[in-house]
Amino acid sequence: MQIESLANSRLDPVTPIVPQISRILRERIIRADLKPGDRLTESEVARSYGVSRQPVRESFIRLADQGLVKVLPQRGTLVSCISYVSVLDSRFLREAIEADIVKILAQSPDPAVVADLRAQLQEQEEIGSSQPGTFIQLDDQFHRTLAEAAGKAGAWKQIEGLKSQMDRVRFLSLGEFPAKNLIGQHREIVDQIERGDIAGGNSAIRHHLREVLSDLPQIVAANTSFFELPDGDVPSPVNAPIQGGVNG
């Protein structure tokens, strides 16, 4: 592990240490700066930030809960491979949560929320595929805004924990990031919310979240060392067709 590169991210002394270290390590794992099999040690991370080993140990536990590291007794902590099955499970759960979020917004469209989302679409278009990392941040902002506008900020925090493995896949695909397609899908979601079309919003958000992983088999084939695959046949990235009704 490149400890010196970790130290480039300064800790805020007035903010709890554990969330900061967890965030820094999470981002580096998601961006593949820290790769599957890389070893992390409490002592090295603690020394690089001038903190005790206890907050580092707690950060490792948080990351293990997200499936990003494996804490092995007597062997240290290793960056985990991306679990193919966990990626599909997280997409499934995220789709269920966000479909209900869009339903809430479409039931009573708020012009101010729609205006905010359209301003974000403009920003996404300005960035496009030129800065994939920045576009991913804007994409997260868009979905977080949907959740907060629906009064489901807590649900978004749950989604953030669920989607760590999905985010790792997204960064592996940066070279062919389909920003134009994703912006079009975002626009369709906003259009359906503005119209108050619950069924249309349901279809739009589900299509969008499934499209994110449409290239998963190709990404796996190009990065086999990053993935933990199930025994037997590898399940499809999309488990079921989108139905036309609200509960589809």
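The values are calculated or read from the model by the stated rules, or taken from the named source; none is laboratory data. Treat the numbers as computed from the prediction; the structure is a model and nothing was measured. Counting neighbours? That spans all protein chains shown, and the Cβs are built from the backbone with ideal geometry, glycine included. When the accessible area is computed, the model is the full protein with side chains, heavy atoms only, and any ligands, DNA or RNA have been set aside. Shrake-Rupley method; radii C 1.70, N 1.55, O 1.52, S 1.80 Å.
Worth a mention:
- Number of the exception - GLN141 against (1) modelled with pLDDT under 95; (2) part of a helix (DSSP H, G or I); (3) among the polar types (S, T, N, Q): (1)
- Filter result for the condition that a residue is aliphatic (A, V, I, L, M), farther than 17 Å from LEU162 by Cα and open to solvent by 70 Å² or more (accessible area, probe 1.4 Å), over VAL56, VAL71, VAL51: VAL71
- Number of the condition not met by SER43 [criteria: (1) surrounded by 15 or more Cβ atoms within 10 Å (Cβ to Cβ); (2) in contact with a helix residue (DSSP H, G or I) (Cβ under 7 Å, 6 or more places away or on another chain)]: (1)
- Condition check for GLY232: at pLDDT below 90 and in contact with a helix residue (DSSP H, G or I) (Cβ under 7 Å, 6 or more places away or on another chain): no
- Per the listing ALA155, ALA147, the residue uniquely part of a helix (DSSP H, G or I), open to solvent by less than 10 Å² (accessible area, probe 1.4 Å) and in contact (Cβ under 8 Å) with a residue 24 or more places away in the chain is ALA147.
- GLN185 being of a type in the set (S, T, N, Q), in contact (Cβ under 8 Å) with a residue 12 or more places away in the chain, surrounded by fewer than 16 Cβ atoms within 10 Å (Cβ to Cβ) and not in a loop (DSSP other than H, G, I, E, B): no
- Per the listing LEU117, LEU162, LEU172, LEU182, the residue uniquely among the aliphatic types (A, V, I, L, M) and modelled with pLDDT of 95 or more is LEU117.
- Subset of the range 14-40 that is over 18 Å from LEU78 (Cα atoms) and within 18 Å of the chain's Cα centre (by Cα) - its residue that is least open to solvent (accessible area, probe 1.4 Å): GLN20
- Test result for LEU172, in contact (Cβ under 8 Å) with a residue 12 or more places away in the chain and open to solvent by less than 10 Å² (accessible area, probe 1.4 Å): no
- Every residue from the range 158-181 that is among the small types (Gly, Ala, Ser) and in a helix (DSSP H, G or I): GLY161, SER164, GLY175, ALA179
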